[in-house]
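What follows is a single structure, written as structure tokens, with notes after it.
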Amino acid sequence: MSSFPRLARTGHTSHCKICLSGLPFSQVEVDASRIAVIFYCLGAMDLLGTLSAKTSETDRQKWRDWFWEQQTSGKYGTGFKPSTYMTPQGGNDEYSDYDIPHLVMTYTALLSLAILRDDFSKLDRPGILRFMRACQREDGSFSALPDGGEADLRSVYCAFALSNMLDDWSGVDVDRAVSYIQRCSSYEGGYGQTPYHEALGGTTYCAVAALYLAPSTAHSSPETRMTPAERARTIRWLTQNQTSSGGFRGRTGKLADACYCFWCGATLTILGVGNLVDSTALAMFMAQCQYKFGGIAKAPSERPDPYHTYLSLASLALHPSREGDSSWDLSPLNVFWNITEETARWIKDHIPGYKA
């Protein structure tokens, strides 16, 4: 590892702190999904082990309070709104048809609260289960909003991860959802965002993680939801996505992108073949994606953002290549929930109803 540049831990922490305080002008378009941005920042600092040292308890309490202000209830159940965008009052008043909570943001809100070590005493667990039921469509997919919107594998994964965190699958028709996931399988070996679409690295992770997260039913189990031939085809496609640069691409024939180093590498880990990732080449690619003032970009010479910073660090946590350089040491990652193992343990110990 001596030939590697050091991982710029201080710079990456500073980048995340700046984005927690307020998004730079180049990223204000994602303000309507502020919960996700905050998760990437907190998650990166959790992986780096810098959250407690570089933030105050006063700040962490403010963030906890802000997250709970986004939890809202109404006719579809309970969930978290993406941000205070268009609803500046905040608070827990009943939502209208114009500020309905969001399934993906509910997943990231729970992860963020766990990173902040909240006790989850305010969590409306039955309401979230009801909300998930309202989001499932007739074809087995889930939409991010119960009254419509995109329905694809990203929301299916979030519903499965939430059910696993809550240790309660009553909000999901598992067999219908599993059937939908299987229909998203592509001839290439990956999974498309919806049936008959091109295979993507991110949705392949969502599909495979969901298939392994779901409990066994009368019709299927995690071991039988992919045939040996399907598993081999998926592994082949994923390994072929690691390019000569060391990074992974998300689609056949595209350039490497730092976020796909997680999506593809994590899927290989779930399938039990994480050793097929060339971790040394991966780390060198990430070193080149580091921005000189902190943060990690999608590719060398690009501008950094919290999304790519977090997922780059997550991929490095799964596929370490350290060889004595402690700057690259990161907290172990729970590959199914996409958070550190320590934070996953906090969820199991503190979310009401979890049977550890």
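The values are calculated or read from the model by the stated rules, or taken from the named source; none is laboratory data. Being a predicted model, the structure only gives us computed values, none of them experimental. Cβ sites come from the backbone with ideal geometry, for glycine too, and all protein chains shown count toward neighbours.
Points to keep in mind about this one:
- In the stretch 243-264, the residues that are touching a residue at least 12 places away in the same chain (Cβ under 8 Å), not β-branched (Val, Ile, Thr) and not in a helix (DSSP H, G or I): Ser245, Gly246, Gly247, Phe248, Arg249, Gly250, Arg251, Leu255, Ala256, Asp257
- Those residues of the stretch 102-152 which are of a type in the set (D, E, K, R) and without any contact (Cβ under 8 Å) to a residue 40 or more places away in the chain, in sequence order: Arg137, Glu138, Glu150
- The single residue among Thr87, Thr78, Thr50 that is surrounded by fewer than 20 Cβ atoms within 10 Å (Cβ to Cβ), hydroxyl-bearing (Ser, Thr, Tyr) and at pLDDT 95 or above turns out to be Thr50.
- Test: Thr204 is without any contact (Cβ under 8 Å) to a residue 60 or more places away in the chain and of a type in the set (Ser, Thr, Tyr): no
- Of the residues making up the stretch 162-191, those that are of a type in the set (Gly, Ala, Ser) and closer than 26 Å to Ile347 by Cα number 4.
- Of all the listed residues (Thr309, Thr267), the sole one being surrounded by 20 or more Cβ atoms within 10 Å (Cβ to Cβ), modelled with pLDDT of 95 or more, closer than 24 Å to Trp237 by Cα and out of contact with any Asp or Glu (no Cβ under 6 Å at 6 or more places or on another chain) is Thr267.
- Test: residue in the stretch 290-310 that is assigned to a helix (DSSP H, G or I) and more than 30 Å from Arg125 (Cα to Cα): yes
- When the stretch 162-203 is filtered for residues that are of a type in the set (S, T, N, Q) and in a helix (DSSP H, G or I), the ones remaining, listed by number, are Ser163, Asn164, Ser179, Gln182, Thr203.
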